[in-house]
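Reading through the structure tokens given below for one structure.
The values are calculated or read from the model by the stated rules, or taken from the named source; none is laboratory data. This one's a predicted model, so the numbers in the text were calculated from it and none came from an experiment. Methodologically, a virtual Cβ is constructed for each residue, glycine included, from the backbone with ideal geometry; neighbour enumeration extends over all protein chains shown.
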Amino acid sequence: MSTTISVLSAALAAAGNSEVIWHPADYWDLSIPVYLFLAVVAGGAYLTGASACLIRSLRGKGACCLETEIARWGFLVAIAAAAGAGLAVLSHLAVIYRAILFPIYLTNFDSWITIGTWILVLLSLFAVVCLLLQLFGEHAASDEGASLFPRTIVAWVSPVLLETIDGLVDRVRPPMSVFAGLHLLGSLFALGTIYTGFELAIVDTVPLWNDPVIIPALFLTSGVAAGIGATLALTMLFEREIGPVFAGYALTVSLLSAVSLALLYYGWILLAASDAPAAAASYATLTDGWYYVGAWLVVLGFVAPMIIGLVIGLATFADRLSPTLERVGGPALIGSFGLLLVGGLLFRILLLLAAAQNPLVVIG
Amino acid sequence: MSADDDHWMFYFDPNRCIGCHACSVSCKQRHNRDADADDWRTVSHVSSGEYPDFREVPISMSCMHCHDAPCEQVCPPDAIIKREEDGIVTVDRDRCIGCHYCAWACPFGAPTYDEEGLMSKCNLCLGEGPGGGHGQPERQTPEEGGAVPACVDDCVGGAIKAGPKSEIMQEVSEEAAERFEQGAYEGRVIVEPLKEDGEMADSIRNGDELNIVDMAR
Ligand code: SF4
Ligand code: SF4
């Protein structure tokens with residue numbers, strides 16, 4: 001990150017300030033923004049899976065339907081993203097086994113890293129249980145769909161094993177009320193991934209991060225939108241027809257993207273108006289060269305799903321989905337969700353790279 | 001918002017610092033650290049203006065053993081401990097996971113990380129070497145038989161002092177004491193006002209028109 005510092009110095013010099021050499025704020029590498037992003041993506045994907053189950057029971061549908069397919073992809077993405085987040089953060093640590101033994105070692109519950117570790121681990125457990133219940137058992141055995149690929153893998157390993165798991169899952173399958181409770185609790189942990197924002201927001205020394213509302217809210221809305229988007233994109237790759245369920249999720253992503261954009265704009269205004277030297281340094285970095293291009297990519301990542309989701313969502317509900325729109329709608333939505341994922345990750349990377357700590361001076 | 005009377009603190013007088021780096025060198029020697037290891041005590045040279053109005057002030061900094069220890073608050077495995085008995089902030093390297101969160105939280109850039117990736121920093125010469133302060137008995141003053149911190153001992157100009165707050169407060173100027181009581185530096189360190197160049201001090205406080213060099217370790 002020494003490049004960051006020199007870019008920053010140059011940017012400040014260009015802005016008419018004298019050259020300032022900052023204490024290098026290079027304590028974290030790029031694995032941390034990946035971790036911060038994937039943790040909330042896991043939360044968003046879990047929420048998609050849980051809500052799909054809820055919609056299915058509200059609509060009185062059987063087990064074999066689009067909602068089940070969305071639910072399975074949601075829990076699958078949640079598990080993959082949580083695993084990715086865990087691996088990313090572990091790769092950055094010096095003593096990995098102490099982090100793996102977190103119930104013994106992470107004892108400071110005032111630290112957002114401790115709180116976050118518990119949230120991420122519990123969310124993963126809930127996602128695994130929910131996925132197993134959707135993936136195995138009598139209903140799943142008679143269902144079809146791309147999201148059932150883990151069954152194929154298990155069957156390939158051993159057909160007897162698949163039969164055993166199916167039987168086991170049917171035996172322990174909880175009643176609807178327990179199911180609802182499971183999803184509710186899991187959803188609380190999914191929303192709890194907002195902790196990733198608090199991990200940065202409490203750092204007093206970095207004005208770019210130090211906002212207890214905007215940063216956590218932005219982390220949540222952008223990450224959850226990306227989690228829903230990733231789940232929908234995977235589902236749509238195999239189920240092309242755009243119906244009211246897809247449209248509802250697309251509208252939700254559109255709304256979350258719009259809120260993210262508004263928060264981003266508000267945060268940007270605050271940063272520009274701040275007279276703290278480190279805030280000015282971060283602002284100078286973000287308006288310079290590739291950082292500036294990156295910042296616009298983040299904006300694009302929110303604008304695209306906001307507009308495309310709104311158009312397709314409203315057209316579907318108003319029953320005005322023309323054949324052309326129907327044909328291009330799916331790929332357009334998938335593309336916009338891809339941009340959302342890129343933008344959400346880039347947003348966190350830029351936050352890290354443009355971070356400047358208050359200059360350290362102890363003098364009269 | 002200040003340390004307890006019997007908690008140890010640092011005092012720094014920029015008017016007496018000549019920027020010779022004796023403090024950071026002696027710190028390394030006392031703690032038997034490699035010459036190329038990151039400094040627990042850094043000396044930075046802060047300058048403003050251009051010749052002939054060029055001014056430069058050296059500043060010596062380390063962990064200030066903050067009364068509120070922001071590093072301790074964020075440390076997930078409770079590896080950082082603000083000790084009740086003497087206020088010294090120590091590190092238990094047998095618990096540290098090397099997450100670097102403390103570095104972000106610290107307002108003075110004090111935490112350093114060695115090749116093992118574990119945190120180490122000044123322990124006010126309570127013990128020797130990285131993590132040497134952890135689990136040591138209560139800090140004794142030199143009068144009680146305790147060691148004088150290396151940086152204090154070897155400071156050529158007598159610019160650094162360390163000791164229990166009640167003792168340090170008796171040795172500082174009225175102006176420094178008053179500013180400290182008013183919350184300067186959030187009560188984490190006592191600093192003598194810069195006398196020769198009030199204008200520069202102002203610009204430093206505002207964070208503008210200055211060059212800070214040698215900040216990087
Ligand atoms: S100076 Fe930094 S490392 Fe030392 S106690 Fe304060 S916050 Fe912790
Ligand atoms: S690097 Fe070590 S001492 Fe610092 S916060 Fe992490 S665990 Fe605590």
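Per the conditions (1) part of a loop (DSSP other than H, G, I, E, B); (2) of a type in the set (A, V, I, L, M, F, W, C); (3) away from chain A (no Cβ under 14 Å), the sole criterion not satisfied by B:CYS27 is (1).
The set of residues from region A:98-125 being hydroxyl-bearing (Ser, Thr, Tyr), facing chain B (nearest Cβ under 9 Å) and more than 16 Å from ligand 1 (Cβ to nearest atom) comprises A:TYR105, A:THR107, A:THR114, A:THR117.
Among the residues here, B:PRO70 does not qualify as at pLDDT 95 or above and near ligand 2 (Cβ under 8 Å from one of its atoms). Condition first: within 25 Å of B:TYR11 (Cβ to Cβ), in a helix (DSSP H, G or I) and within 11 Å of ligand 2 (Cβ to nearest atom). Can you find one or more residues in region B:73-80 that meet it? Yes; the residues of region B:73-80 include at least one that is within 25 Å of B:TYR11 (Cβ to Cβ), in a helix (DSSP H, G or I) and within 11 Å of ligand 2 (Cβ to nearest atom).
One line per residue, one yes/no per condition, for (1) part of a loop (DSSP other than H, G, I, E, B); (2) more than 16 Å from ligand 1 (Cβ to nearest atom); (3) among the small types (Gly, Ala, Ser):
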{"position": "B:GLU116", "(1), (2), (3)": "yes, yes, no"}
{"position": "B:CYS122", "(1), (2), (3)": "yes, no, no"}
{"position": "B:GLU128", "(1), (2), (3)": "yes, yes, no"}
{"position": "B:GLY133", "(1), (2), (3)": "yes, no, yes"}
{"position": "B:PRO137", "(1), (2), (3)": "yes, yes, no"}
{"position": "B:ASP153", "(1), (2), (3)": "no, yes, no"}
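One residue alone among B:PRO107, B:PRO111 is at the interface with another protein chain (Cβ under 9 Å from one of its Cβ atoms), modelled with pLDDT of 95 or more and within 10 Å of ligand 1 (Cβ to nearest atom), and that residue is B:PRO111.
Every test in (1) in contact with a helix residue (DSSP H, G or I) (Cβ under 8 Å, 6 or more places away or on another chain); (2) among the hydrophobic types (A, V, I, L, M, F, W, C); (3) assigned to a strand (DSSP E or B) is passed by B:ILE59 save one, and that test is (1). Being acidic (Asp, Glu), more than 7 Å from ligand 1 (Cβ to nearest atom) and within 12 Å of chain A (Cβ to nearest Cβ) is the filter here, so list the residues in region B:69-90 that pass it. Within region B:69-90, B:ASP78 is the sole residue that qualifies.
A quick yes/no check of all residues on (1) under 27 Å from A:VAL224 (Cα atoms); (2) in contact (Cβ under 8 Å) with a residue 12 or more places away in the chain; (3) part of a helix (DSSP H, G or I):
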| position | (1), (2), (3) |
| --- | --- |
| A:ALA281 | no, yes, yes |
| A:TYR292 | yes, no, yes |
| A:LEU297 | yes, yes, yes |
| A:VAL303 | yes, yes, yes |
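For region B:48-67, the candidate set comprises residues that are within 11 Å of another protein chain (Cβ to nearest Cβ) and either out of contact with any strand residue (DSSP E or B) (no Cβ under 6 Å at 6 or more places or on another chain) or surrounded by fewer than 23 Cβ atoms within 10 Å (Cβ to Cβ) (or both); within that set, the residue that is modelled with the highest pLDDT is B:SER62. Examine region B:132-151 for a residue that is more than 16 Å from ligand 2 (Cβ to nearest atom), at pLDDT 95 or above, crowded, with 17+ Cβ neighbours inside 10 Å and within 14 Å of chain A (Cβ to nearest Cβ), and state whether such a residue exists. For region B:132-151, residues more than 16 Å from ligand 2 (Cβ to nearest atom), at pLDDT 95 or above, crowded, with 17+ Cβ neighbours inside 10 Å and within 14 Å of chain A (Cβ to nearest Cβ): present.
When you scan region A:107-128, do you find a residue that is within 16 Å of ligand 2 (Cβ to nearest atom), surrounded by fewer than 20 Cβ atoms within 10 Å (Cβ to Cβ) and charged (D, E, K, R), even just one? Checked region A:107-128: at least one residue is within 16 Å of ligand 2 (Cβ to nearest atom), surrounded by fewer than 20 Cβ atoms within 10 Å (Cβ to Cβ) and charged (D, E, K, R).
Candidates in region B:81-112 are the residues that are in contact (Cβ under 8 Å) with a residue 40 or more places away in the chain and within 7 Å of ligand 2 (Cβ to nearest atom); of these, the one that is nearest to A:SER31 (Cα to Cα) is B:PRO111.
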